[in-house]
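The values are calculated or read from the model by the stated rules, or taken from the named source; none is laboratory data. Only a predicted model underlies this, so the values are computations on that prediction, with no experimental measurement involved. All Cβ positions, even for glycine, are placed from backbone atoms using ideal geometry, and neighbour counts span all protein chains on display. Ligands, DNA and RNA are excluded from the accessible area calculation, which covers all protein heavy atoms including side chains. Shrake-Rupley method; radii C 1.70, N 1.55, O 1.52, S 1.80 Å.
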Amino acid sequence: MNVSDAVTSRYSCRAFLPTPVPEQTVRSILEAAARAPSGGNVQPWRVHALAGAKLEQLKALVRARPELLPRGEGAEYDIYPRDLKEPYETRRRQVGAALYQSIGVKREDRTGRYRQYARNFEFFGAPVGLLLFIDRSMGPPQWSDLGGYIQTVMLLAREHGLHTCGQEAWTHWHKTVYSLLDIPPNYILFCGLALGYADENAPINQWRAPRVPLDDFASFAGFGA
């Protein structure tokens, strides 16, 4: 698969098959992704890959406390700015509406929305859950580097016929994650990443988030001068 095909075929998969992913495949993806660039080559990412009984243990801990949804234990960072301005707020609302429409959940159906939101903490049925951390001493440039690493993981997954879904929602269960995995206190959980084979027939995997036209976010000058 070439890079362009990996980019265009990638989407946030929210329904996976139970088909196992070999540990060696996960290792290969994570190792190759470390070629992602980072300022000063500091390579600020840290990854915990979970499968089998360990993954089930994490999911069970969250599943046992449904009364805490949707805020869980409280987020360690704001996933979105608290006053998200336009046009960003409209984009966020539109993609959320499309997601719930794909599974027949209406906006006023809070129970249905919470039920789907809780699927985040099942890694949407994926057989592998990745949890990605960064040292708390790092600044915005290193968080950007972590994002580049995550994107590289997503694209390499496509090369193996796998799909992914990034899940910043896991910040709401950081205490549980830290305790279960014995994470050193100097690390902060940034996100989870579901990894596995997509259930291509699942309705929630049938839609795609739109992108704004190029000229809405890019300008060009000096070409052909």
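Values computed for the structure shown
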read-out	value
Under 15 Å, Cβ to Cβ, from residue 189 - net charge with Lys/Arg +1 and Asp/Glu -1	-3
Listed residues 44, 8, 197: farthest to the positive end of the dipole of the chain (Cβ charges)	197
Carbon + sulfur, % of accessible area of the chain - ligands and nucleic acids excluded, 1.4 Å	52
Proximal lysines to residue 85, defined as alpha-carbon separation beneath 30 angstrom and excluding residues fewer than eight positions away on the same chain	106
Residues whose placed amide H lies under 5 Å from that of residue 191, excluding near-sequence neighbours	132
Rounded accessible area per residue of the chain, 1.4 Å, Å²	58
Linear extension gain, residue 109 paired with residue 67, 0.36 nm per residue minus alpha-carbon span	13.4 nm
Net length gained if the chain between residue 215 and residue 10 were fully extended (0.36 nm per residue, minus Cα distance)	71.5 nm
